[in-house]
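Read through the structure below, which is laid out as structure tokens, and then see the notes.
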Amino acid sequence: MSLNVSLPPELENRVRQHVESGLYSSSSEVIREALRLFEAYQGIQAANLAALKADIAKGVADVNAGRVREVSMSSIKERGRAIRATPQSD
């Protein structure tokens, strides 16, 4: 399959630089590698989004089941400060 792609000058220059570096033998190889990396990135993004949606669903389910309670940020800070002020033994 043949496909022509138009790139802005700065991207065209970057493709040429990669070929000139010797790491790739053609601009097609550079574009194929870029597409593989983009697809891998999209897969990671999709997995992260699915994990976030699952966490949100769990949180909503916890609220609906009454498994949550209000917390006081000031008491959390106080406990943290108390822990930090306590000398640590190694």
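Taken together, the values in this text are just the output of simple stated rules run on the coordinates, not laboratory data. Fair warning: this is a prediction, and the values are worked out from it, not measured in the lab. Reconstructed Cβ throughout: ideal geometry from the backbone, glycine too, with neighbour counts over all protein chains shown.
Within the set of other residues whose C-beta is less than 15 Å from the C-beta of residue 84, count the net charge using Lys and Arg as +1 and Asp and Glu as -1.
My count for the surroundings of residue 84 gives +2.
Quickly estimate the mean residue ellipticity at 222 nm for the chain, helices only: each DSSP H run with n ≥ 4 gives -39500 (n - 2.57), and the total goes over all residues, rounded to 500.
Rounded to the nearest 500, the figure is -24500 deg cm²/dmol.
Quick one: 3J(HN,Hα) in Hz for region 48-54, Karplus 6.51/-1.76/1.60 with θ = phi - 60°, rounded, Gly and Pro as x.
Calculated HN-Hα couplings, in order: 5, 5, 4, 5, 5, 4, 5 Hz.
What stretch of the chain, leaving out the sites themselves, is the longest with no trypsin sites (Lys or Arg not before Pro) in a DSSP loop having at most 16 other Cβ atoms within 10 Å?
Within the chain, the longest run free of exposed trypsin sites (Lys or Arg not before Pro) spans 1-66.
Enumerate the calculated ³J(HN,Hα) couplings along region 3-13 in order (Karplus 6.51 cos²θ - 1.76 cosθ + 1.60, θ = phi - 60°), each rounded to whole Hz, writing x wherever the residue is Gly or Pro.
Running phi through 6.51 cos²θ - 1.76 cosθ + 1.60 with θ = phi - 60° gives 9, 9, 10, 9, 10, x, x, 5, 6, 4, 5 Hz.
Per residue, how much space in cubic angstrom lies within the convex hull of the C-alpha atoms of region 9-85?
Once divided by residue count, the hull of region 9-85 is 208 Å³.
I'd like the distance between the alpha-carbon centres of region 3-26 and region 36-54, rounded to an integer number of Å.
With region 3-26 and region 36-54 each reduced to a Cα centre, they are spaced 27 Å.
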